[in-house]
1. Considering only the range 3-23, state which residues are at pLDDT below 85 and open to solvent by 90 Å² or more (accessible area, probe 1.4 Å).
2. Please enumerate the residues belonging to the range 97-110 that are at pLDDT below 90 and either over 19 Å from residue 156 (Cα atoms) or part of a strand (DSSP E or B) (or both).
3. Of all residues being in a loop (DSSP other than H, G, I, E, B) and among the hydrophobic types (A, V, I, L, M, F, W, C) in the range 28-43, which is least open to solvent (accessible area, probe 1.4 Å)? Just the residue, please.
4. Quick one: in the range 29-74, of everything that is more than 12 Å from the chain's Cα centre (by Cα) and among the hydroxyl-bearing types (Ser, Thr, Tyr), which residue is nearest to residue 158 (Cα to Cα)?
5. For the range 72-83, name all the residues that are open to solvent by 10 Å² or more (accessible area, probe 1.4 Å) and modelled with pLDDT of 85 or more.
6. Mind checking which residues of the range 84-96 are open to solvent by 40 Å² or more (accessible area, probe 1.4 Å), in a loop (DSSP other than H, G, I, E, B) and of a type outside the set (Asp, Glu)?
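The values are calculated or read from the model by the stated rules, or taken from the named source; none is laboratory data. Computed from a predicted model, the values in this text were never measured in an experiment. Heavy atoms of the whole protein, side chains included, go into the accessibility calculation; ligands, DNA and RNA do not. Shrake-Rupley method; radii C 1.70, N 1.55, O 1.52, S 1.80 Å.
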Amino acid sequence: MAANNSSHHVGNSSLEFKVADDKREMEIPAKDLNIVWGKDPRYWKVPEDNKSAAELNQVYWLEVTGCVDKTRGDKIYEVGFHVSLTPDAFGWGDVPLYLMVKRGKDGKFVWKKFFMDHHTDDQGRCYITGKSTQAQNMGAQDSDVSKLYFGLYEVWSGKWKGGLKIHHAVIRELPST
């Protein structure tokens, strides 16, 4: 196995959606997410355990992504990030975060925009969610429709921001309507 000399944190690339105790959701620890600049302590503190949050020191390019395999193409999934702001957080006032979700490598992104100062409670916590699409409208050439790609982004403002904690991501299979 080749050494990863990148300054990016590479999470768990073999996550599979599993139903536990009849709950149709899974929690993904922050350490299992891919974090751009995550291996550089000037920018991030990435945990080594499953319980701790990844903490943003400062970046102007925020990109945190993941992928879960073995989802059902006939189902819609809700993807969420449990996040919070530290007391000394900065740069979030007029800068939106974008949650993006897509099914399969060739799928179309579904995205949702969030402003942290509008969605956090009095303790700085927030749950950011977005939904996937069903695979039925996907092209037959897309062989990985069981994969759900997702991410949290802020790469367009060019502004420095810090003090964001990513506690974990959640993938939830929604009931059929």
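1. 5, 18, 21, 22, 23
2. From the range 97-110, those at pLDDT below 90 are 103-110; that's our starting set.
Residues satisfying the conditions are 103, 104, 105, 106, 107, 108, 110.
3. 33
4. Filtering first and then ranking leaves 60.
5. Residues of the range 72-83 that are open to solvent by 10 Å² or more (accessible area, probe 1.4 Å), as a first pass: 72-76, 78, 82.
Across the range 72-83, the qualifying residues are 72, 75, 76, 78, 82.
6. Scanning the range 84-96 gives a single hit, 93.
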